[in-house]
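Below is one structure, written out as structure tokens; comments come after it.
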Amino acid sequence: MKKTATIILATLAFGWGQSFFNMRGLGGIVPPADARTTGLGSPCALSPLNPGIWVTLNQTSLAASGLAGIAVGTQSGSSRAVGTVRPASAAVAAPLPLQCRALLGIDDRFNQDFDVWSESLPDTAYRRHVYSHGGIHALRAGIAKSLLGRFCLGLDYSHLLGGSKEEWRFEGNSGAYSTTDTIETDYAGNTFQAGASFQTSRFSIAALYEPAMTLTAHRLKHVHGVVADSVRTYRIRLPNVMAFGGGVEPTDKLGLSLGLDLRPWAGATLDDVDAGYRNTWRISAGAEYQLSPEYPLRIGYSRQTYYFDALTSDPTGTAAITEDGLYVGTSIPVPKFGSLDLSGSVLLRRADDLTEVAGRLMLTLSYRETWARRTRRWGY
Amino acid sequence: MRRLVWFSLLGLVACNTAPVGFDQLRGRIPAAQDTIMAPDSIASYARYVPLSPADRLFLGRDSYYVARALIRFPLPDTLGIDTIASVQLVLHPVDSTRMSFVCRPCSTAWDSAYATWLMADDAIHWYSPGGDFWPDSIAGSVLTGDTLKVDLRYAELDSTVRAAIRQQGMLLFPRDTGLAAIWSVGASASLKPSIRVNYRSGKNPQTFTATVATTLIDTLPNTIRSGDLLIGPGVALRTWMRFRVDSIPEAATIASAELEFRPDVEYRRSDSLPLAVHGLAQSFADKGAYALYDPLAAASLYYVPASDTDSIIHMDIRGLVQSWTSNRDSTGRDTANYGLLIMAEPEWSKPFRIRVPRTGPGAPRLTIEYVMPPEDRFR
């Protein structure tokens, strides 16, 4: 069984993309990749992505997350499944003197994995198969300062980097496939994130701000068989990002959280021309219930819109993309190590006649010597 | 059972190629077209080509070809003629074809890299096409069996003739109808032609293995009609054609390019006929039969004639067409397109002759499918 699972996971990892909605813009926005946060609906401001979340930190904390997902797309009566297995994030937070914290991490920002087939055109047996792997990641380094044991301010520098590789394959009349074009795009950019939080034993609020940033995309188009490759550089200007979160703990066993992410990206530009993106928002609500002192149960819900539109069956039409998500999660203590956090989610994405139901399983292995003395802190 | 279910599920998901979500790439999807074209120009020519790389030598004559074998042995001039009991020519036939032949000393120096029916080397013609020789026969026999040993009149020859054998080798002339083959210097050591010298005085026999050999072959002139488009080895028959591909955009990727024609097999001595397509590197109009071609074949296949004589040859020349369409000058002219040659490969293979129809449904045509580059993700 272990061997079978390995084969299946490996096939998923290398064979297929992740979403039918990753083909446009910079790809799908990846929510915070942390199973604890994800179990609560992924409120960004309450996640380790917020450098100002670390009010208390007694020991070095290390966390690494992996993601397995499968998405079933439905359109015009046809269905197709695509999947992915990949590492999602890694983060380190270490206490420093003077109630400071040093933060390091890597996580996904945008995902451009997809894998689609065309239908045969009416008058020929042509068929196309286009698949892409890649995305944009952030290498983060930051510092946080806890104040009075209740407040925390943090600042993150993020270097965005990544790339995607699209393969365009063509099936001719004879049925033979050939790769006709390969488009490789490398991304680079820099940004900051400022975060702050206020936490008590029963109440917490947090905010995160990321200013506008410029992303550079170097595109190499390799037209197979044609001598000259084509190179072009795009300059993508993305407006700021704001995220807010809050939580209350009405009883010792129950905690509730809310999150709001705002991306006013209607002003995004591509080479100084309007990129045609939308202002987007994302709301999330979550609850954590202590089934036993060591085994919490988390549930969450989220709803969001996408910053780009999907194309509709109308040749000139576009439609907004909405996503609803349901989340459930828990943590399993790992003695003398930390915990294994798990979250499962079901996401429903819709735009016109294209619907995608995605199931995801996220695992986060957290190293914390202090897990047994854990006090509830929202989002991590 | 559980594993079977997992694999079945995996297979179902993996094999599903429904067009879900593809319309999200609308606007990026490039045009794709196919086009069928006939040659803009077409011609055929015959050329004598050196056949020394062959692992076999042909010997015979029929209504289409006459072939002689030319072999040279490293005989030293220090052989003690008085002590020689006998000299034997040892040959190894490739098949069971019986062929009587005679052997005569060659009288002109030759170079195996260039020797053909007409040429002794790269600059010197034979005095008589087919090789120059001393008139006296020095051996004769019938090719048969796996190994043939023929007594060679060597010791009794005049010293001038012996010197000619040492320096110019000997020619084998066929005396029957048909085409026989013997292993040449390219074959394994035990099969190469050799000369064995036996001594009277109890001295051990000496064997001298042939170092160079080639076939001199000619085709009978009345077997080639003017205007025929022919393909064949031996006397190389090559068909040249050029397609105008200017209409295909320079940026297009050639997804497929298939050259097809229905051959008429006129003559063959084997069941599978090796064919190849080579791109020309020089103008055929300027250089004619001497136009250089790319030594690397753009496509090759073994054609097995079907009994219904209705089979069509398909050759994938995608890479060649791509090189034509991708190399343009400032005016858009395809500067690398000098056409292609269809030829036997190797040209020292067993003789055959294919006629390519000029017109009709079996005439050559090139079917090209091409795709334009996709648009960028950001537009």
Checklist line | Selected residue [in contact (Cβ under 8 Å) with a residue 60 or more places away in the chain, farther than 18 Å from A:ALA207 by Cα and of a type in the set (D, E, K, R)] from A:ARG282, A:ARG298 | finding: A:ARG298
Note to self: Here is a check on your reading of the model: is A:THR185 at pLDDT below 95, facing chain B (nearest Cβ under 10 Å) and under 28 Å from A:ASP156 (Cα atoms)?
What the structure shows: yes
Notebook entry, point to check: Restricting the first residue to region B:324-342 and requiring it to be part of a loop (DSSP other than H, G, I, E, B), which pairs with a second residue that is aromatic (Phe, Trp, Tyr) meet a Cβ separation below 6 Å and a spacing of at least six or different chains?
Noted result: B:ALA336/B:TRP324; B:ASN337/B:TRP324; B:GLY339/B:TRP240; B:GLY339/B:PHE284
Checklist line | Contacts under 7 angstrom Cβ, first residue in region B:352-379 being over 24 Å from B:ALA251 (Cβ atoms) and more than 9 Å from every other protein chain (Cβ to nearest Cβ), partner among the hydroxyl-bearing types (Ser, Thr, Tyr) and assigned to a strand (DSSP E or B), 6 or more apart | finding: B:PHE352/B:TYR267; B:ARG353/B:TYR267; B:VAL356/B:THR239
Margin query: Just to check your reading of the model, which residue among B:LEU230, B:LEU259, B:LEU275 is in contact (Cβ under 8 Å) with a residue 12 or more places away in the chain, within 14 Å of chain A (Cβ to nearest Cβ) and under 30 Å from B:SER323 (Cβ atoms)?
Written below: B:LEU259
Notebook entry, point to check: Would it be correct to say that B:ALA306 is outside any helix (DSSP H, G or I) and at pLDDT below 95?
Noted result: yes
Next item on the list: From A:PHE151, A:PHE170, A:PHE192, grab the single residue that is of a type outside the set (A, V, I, L, M) and either on the phi > 0 side of the Ramachandran plot or within 14 Å of chain B (Cβ to nearest Cβ) (or both).
Entry: A:PHE170
Note to self: Regarding region B:305-313, can at least one residue be identified that is within 14 Å of chain A (Cβ to nearest Cβ) and either out of contact with any helix residue (DSSP H, G or I) (no Cβ under 9 Å at 6 or more places or on another chain) or of a type in the set (Ser, Thr, Tyr) (or both)?
What the structure shows: yes
Note to self: Condition first: touching a strand residue (DSSP E or B) at 6+ places or on another chain (Cβ under 9 Å), surrounded by fewer than 24 Cβ atoms within 10 Å (Cβ to Cβ), modelled with pLDDT under 80 and closer than 28 Å to A:LEU347 by Cα. Can you find one or more residues in region A:91-113 that meet it?
What the structure shows: no
Item checked: Options B:ALA85, B:ALA109, B:ALA54, B:ALA43; residue that is outside the structural domain of B:SER190 (by TED's automatic domain parsing) and either out of contact with any Gly (no Cβ under 8 Å at 6 or more places or on another chain) or small (Gly, Ala, Ser) (or both) -> B:ALA43
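Mind listing whichever residues of region A:315-345 are of a type in the set (A, V, I, L, M, F, W, C), without any contact (Cβ under 8 Å) to a residue 40 or more places away in the chain and either under 23 Å from A:GLN59 (Cβ atoms) or buried (at least 19 other Cβ atoms within 10 Å of the Cβ) (or both)?
A:ILE332, A:VAL334, A:PHE337, A:LEU340 - these are the residues of region A:315-345 that are of a type in the set (A, V, I, L, M, F, W, C), without any contact (Cβ under 8 Å) to a residue 40 or more places away in the chain and either under 23 Å from A:GLN59 (Cβ atoms) or buried (at least 19 other Cβ atoms within 10 Å of the Cβ) (or both).
Look through region A:41-65, keep the residues that are among the polar types (S, T, N, Q) and under 23 Å from A:LEU347 (Cβ atoms), and return whichever of them is surrounded by the fewest Cβ atoms within 10 Å (Cβ to Cβ).
The residue in question is A:SER65.
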Check: Would you say A:VAL231 is touching a His at 6+ places or on another chain (Cβ under 8 Å) and of a type outside the set (Phe, Trp, Tyr)?
Finding: yes
Notebook entry, point to check: Has region A:254-270 got at least one residue that is within 14 Å of chain B (Cβ to nearest Cβ) and either out of contact with any Phe, Trp or Tyr (no Cβ under 7 Å at 6 or more places or on another chain) or under 30 Å from B:ALA32 (Cα atoms) (or both)?
Noted result: yes
Checklist line | From the options B:ALA69, B:ALA113, B:ALA31, residue that is in contact with a Leu (Cβ under 7 Å, 6 or more places away or on another chain) and aliphatic (A, V, I, L, M) | finding: B:ALA69
Notebook entry, point to check: Could you list, in sequence order, the residues of region A:315-342 that are of a type in the set (A, V, I, L, M, F, W, C) and assigned to a loop (DSSP other than H, G, I, E, B)?
Noted result: A:ALA320, A:ILE321, A:PHE337
Margin query: I'm told B:GLY80 meets every condition in (1) surrounded by fewer than 19 Cβ atoms within 10 Å (Cβ to Cβ); (2) farther than 19 Å from B:ARG166 by Cβ except one. Can you identify the failing condition by its number?
Written below: (2)
Check: Where residues in region B:221-241 are at negative phi and surrounded by fewer than 20 Cβ atoms within 10 Å (Cβ to Cβ), which of them is modelled with the highest pLDDT?
Finding: B:ASP228
Notebook entry, point to check: Conditions: (1) closer than 25 Å to B:TRP126 by Cα; (2) touching a helix residue (DSSP H, G or I) at 6+ places or on another chain (Cβ under 9 Å); (3) among the polar types (S, T, N, Q). B:ASN222 meets all but one. Number of the miss?
Noted result: (2)
Check: Somewhere in region B:186-208, is a residue in contact with a Lys or Arg (Cβ under 8 Å, 6 or more places away or on another chain), surrounded by fewer than 22 Cβ atoms within 10 Å (Cβ to Cβ) and hydroxyl-bearing (Ser, Thr, Tyr)?
Finding: yes
Checklist line | Qualifying positions in region B:313-363 - out of contact with any Ser or Thr (no Cβ under 7 Å at 6 or more places or on another chain) and among the hydroxyl-bearing types (Ser, Thr, Tyr) | finding: B:SER323, B:THR325, B:SER326, B:SER330, B:THR331, B:THR335, B:SER349, B:THR359
Notebook entry, point to check: Name the strands (runs of 3 or more DSSP E) wholly within region B:211-281 that hold at least 2 residues that are more than 30 Å from B:GLY169 (Cα to Cα)?
Noted result: B:235-242, B:253-261, B:264-268, B:273-279
Check: Do we find a residue being at pLDDT 90 or above, under 30 Å from B:SER52 (Cα atoms) and surrounded by fewer than 22 Cβ atoms within 10 Å (Cβ to Cβ) anywhere in region B:315-326?
Finding: yes
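The values are calculated or read from the model by the stated rules, or taken from the named source; none is laboratory data. Everything quoted here is computed from the prediction, not taken from an experiment. Cβ coordinates were reconstructed from backbone atoms using ideal geometry, including for glycine residues, and neighbour counts include every protein chain displayed.
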